[in-house]
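Scroll down for the structure; my scribbles are underneath it.
What follows is calculated from the coordinates using simple rules that are stated; it is not laboratory data. All values reported here derive from a predicted model rather than from experimental measurement. Quick reminder, even Gly has a Cβ in these numbers, built from the backbone with ideal geometry, and neighbours come from all protein chains shown.
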Amino acid sequence: MKIRIINGPNLNMLGIREPGIYGKETYEDLCRYIREKAEELGVEAEIFQSNHEGELVTIIQEALGKADAIVINPAAYTHTSIAILDALKAVSLPAAEVHLSDVTKRESFRQISYAGMACREHFIGLGFEGYYRAMKAMKETVQSSQKVQKRDTQKTGTEFAKSAEKA
Ligand code: DQA
């Protein structure tokens, strides 16, 4: 199972940017953490980071057919980007929103999350752990939808067999 992890602007500056809010660990530390936790969960994490809104849209679009789910921290674009919201809706993959800091307790301009409107799960203010929790939730979501699909296929098969019997 492949989970596409998408990080928005300035997350590459972790460790340097506002350590009082985001901590002292670097972006490389975050990537290492994500890879370790992905391995523990038995999923494949493809990690992307971009400072550009359009590039983030492309990364989301290109997840279609390549990834089973998305974990996204759109950073500042969370609060401004309808393009990212639309891209998430367009691909319609199960998605989880992550924020390292507790945006709910920060400035009023951070109180809206457009991207979050297309996400079924939200992990906010948990630091790196939010990514682990989001991957775990996406793994469970994908697995349960695979089970439903399997059941539906079996049902269709049984119904087909029954109608063939009648004929
Ligand atoms: C952030 C929160 C955003 O409001 C901010 O613009 C970021 C990081 C977080 O992970 O806490 O860049 O997404």
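Couple of notes before you dig in:
- Looking across segment 76-115, the residues that are among the acidic types (Asp, Glu) and surrounded by fewer than 22 Cβ atoms within 10 Å (Cβ to Cβ) come down to 86, 102, 107.
- The residues in segment 113-150 that are away from the ligand (no atom under 14 Å from the Cβ), assigned to a loop (DSSP other than H, G, I, E, B) and within 18 Å of residue 23 (Cβ to Cβ) can be counted, and the count is 0.
- Flag for residue 76 being small (Gly, Ala, Ser), out of contact with any Ser or Thr (no Cβ under 6 Å at 6 or more places or on another chain), at negative phi and within 12 Å of the ligand (Cβ to nearest atom): yes
- Any chance residue 131 is on the phi < 0 side of the Ramachandran plot, surrounded by 19 or more Cβ atoms within 10 Å (Cβ to Cβ) and not basic (Lys, Arg): yes
- Within segment 1-47, if we keep just the residues that are of a type in the set (Lys, Arg), more than 10 Å from the ligand (Cβ to nearest atom) and in contact with a helix residue (DSSP H, G or I) (Cβ under 9 Å, 6 or more places away or on another chain), the residue that is nearest to residue 94 (Cα to Cα) turns out to be 4.
- When residue 50 is tested against (1) surrounded by 17 or more Cβ atoms within 10 Å (Cβ to Cβ); (2) within 11 Å of the ligand (Cβ to nearest atom); (3) of a type outside the set (Asp, Glu); (4) farther than 24 Å from residue 141 by Cβ, only condition (2) is not met.
- Residue count for segment 55-74 under the criterion of being out of contact with any strand residue (DSSP E or B) (no Cβ under 7 Å at 6 or more places or on another chain) and under 13 Å from residue 114 (Cβ atoms): the result is 2.
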